[in-house]
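Chemist: Mind having a look at this structure? Questions to follow.
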Amino acid sequence: MTLLRVAVGVVKNPAGQVLISLRNPDLHQGGLWEFPGGKVEVGESIDQALRRELKEELAIDILTAEPLITIRHDYADRRVQLHVFLVEQFSGSVKHSDKQPIEWVAPDELNQYVFPEANKAIITAAQLPVYYAILDDADHETLLFNLQRMLIRGIRLVQVRLKRLSAEAVAHFVAVAYAICHAYNARLLINSDIADSLRVTDGIHLTSNHLMKMTQRPANQTWVGASCHNLAELQHAEKIGVDFVVIAPVLATQTHANVKPLGWAGFETLVSHAKVPVYALGGLSTSDLPYARQAGAQGIAAIRAFLG
């Protein structure tokens, strides 16, 4: 089957709502909701296609567009590759050229609408932030101080990875941290190494060891992330249905000095196979975000980079 390349825009208004439209019933996947965009024409760049499609379809001009995610999906009758961009600045008043119903929807409400199967990862990417912070071992007061610093700086996705503290100390901290995170409208995930006795979180992050032992997605978890280091782990993570993955190490780190880093080229190669959002981890700072996004990543995960 011929590969159909499609440029897609996740268009957000100043309130953070995402624009979706109801697909014409006569079209492929008709009657389902979709993100605006369309086929990349011969001789056209993806950026050109995105700008043309949003102008023709919605009567808006793109001012900024950032890479969000690239997905390849095989339907029974066709193969598509979706090049998805986040569009947060545009000019013009939105109106659909075909008079299709359109709605502005909060990202967390997108799951209430029925989209084509290939759009599932786009919905997840639209709901995830660009930064994923990891809280590592420290005493209770230092952990709370670091968590507050992260949240004040705008971090909205946090993983608790406290492998050297007692189960009692971890449970106490997580209970306090969960309440603080929700006051900032942030999500708190717990590392699978310490998850057995903890229930009050927004989800779980699987270590690569735990990931490879699982045959299905962990039950009763709103969000499931996983750590991956190679293609086999990435493909297994997708097979069991995780929401996103962290691929590491991209660059050399002091904590894992004996581990050979992937480098940006190796990272980009792995990301090109991914069907879920990917965070880059390992020796990175917030200044590396443009490199990560160009490589196809959702964003950056880090321990110390978000502490200032």
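The values are calculated or read from the model by the stated rules, or taken from the named source; none is laboratory data. All values reported here derive from a predicted model rather than from experimental measurement. All Cβ positions, glycine included, derive from the backbone under ideal geometry; neighbour counts span all protein chains shown. Protein only, heavy atoms only, side chains kept; ligands, DNA and RNA dropped before computing areas. Shrake-Rupley method; radii C 1.70, N 1.55, O 1.52, S 1.80 Å.
Chemist: Please verify whether the stretch 159-173 includes one or more residues that are free of Cβ contacts under 8 Å to residues at least 60 places away in the same chain, assigned to a loop (DSSP other than H, G, I, E, B) and under 25 Å from V276 (Cα atoms). Reasoning before the result, please.
Modeler: Here is the first cut: in the stretch 159-173, the residues free of Cβ contacts under 8 Å to residues at least 60 places away in the same chain are 160-173.
From what is left, the residues that are assigned to a loop (DSSP other than H, G, I, E, B) are 161-166.
From what is left, the residues that are under 25 Å from V276 (Cα atoms) are 161.
The answer is yes; a qualifying residue exists.
Chemist: I've got another one for you. Go through (1) more than 21 Å from R149 (Cα to Cα); (2) among the β-branched types (V, I, T); (3) touching a strand residue (DSSP E or B) at 6+ places or on another chain (Cβ under 9 Å) one by one and return the number of the condition I300 breaks.
Modeler: That leaves (1) as the condition not met.
Chemist: Take S192 and decide whether it is under 19 Å from A302 (Cα atoms), polar (S, T, N, Q) and within 17 Å of the chain's Cα centre (by Cα). So that I can check it myself, show each step before the final result.
Modeler: Numbers: under 19 Å from A302 (Cα atoms): yes; polar (S, T, N, Q): yes; within 17 Å of the chain's Cα centre (by Cα): no.
Answer is no for this residue.
Chemist: Give me a count of the residues in the stretch 109-157 that are without any contact (Cβ under 8 Å) to a residue 40 or more places away in the chain and of a type in the set (K, R).
Modeler: Taking the stretch 109-157 as the starting set, the residues that turn out to be without any contact (Cβ under 8 Å) to a residue 40 or more places away in the chain are 109, 111-112, 120, 123, 127, 137-145, 147-148, 151-152, 154, 156-157.
Going one step further and asking which of them are of a type in the set (K, R), we end up with 120, 156.
Qualifying residue count, the stretch 109-157: 2.
Chemist: Take residues that are β-branched (V, I, T) and either more than 23 Å from E117 (Cβ to Cβ) or open to solvent by less than 20 Å² (accessible area, probe 1.4 Å) (or both) and tell me which of the helices (runs of 4 or more DSSP H) falling wholly in the stretch 207-284 contain 1 or more.
Modeler: Working: elements: 208-213, 231-240, 263-271.
The helices (runs of 4 or more DSSP H) meeting that bar are 231-240, 263-271.
Chemist: Tally up the residues in the stretch 92-122 that are in a strand (DSSP E or B) and open to solvent by 50 Å² or more (accessible area, probe 1.4 Å), please. If you could, list the steps in order and put the result at the bottom.
Modeler: Pass one, the stretch 92-122, residues in a strand (DSSP E or B): 102-105.
Now drop any that are not open to solvent by 50 Å² or more (accessible area, probe 1.4 Å), which leaves 102-104.
So the answer is 3.
Chemist: Give me a count of the residues in the stretch 176-191 that are surrounded by 13 or more Cβ atoms within 10 Å (Cβ to Cβ) and not in a helix (DSSP H, G or I).
Modeler: Qualifying residue count, the stretch 176-191: 7.
Chemist: Can you spot a residue in the stretch 54-74 that is under 23 Å from A106 (Cβ atoms), assigned to a loop (DSSP other than H, G, I, E, B) and without any contact (Cβ under 8 Å) to a residue 40 or more places away in the chain?
Modeler: Within the stretch 54-74, not a single residue is under 23 Å from A106 (Cβ atoms), assigned to a loop (DSSP other than H, G, I, E, B) and without any contact (Cβ under 8 Å) to a residue 40 or more places away in the chain.
Chemist: Counting just the residues of the stretch 50-91 that are touching a helix residue (DSSP H, G or I) at 6+ places or on another chain (Cβ under 8 Å) and acidic (D, E), which one comes out surrounded by the fewest Cβ atoms within 10 Å (Cβ to Cβ)?
Modeler: Result: D61.
Chemist: So which residues in the stretch 285-308 are open to solvent by 20 Å² or more (accessible area, probe 1.4 Å) and aliphatic (A, V, I, L, M)?
Modeler: L289, I303, A305, L307, listed by residue number.
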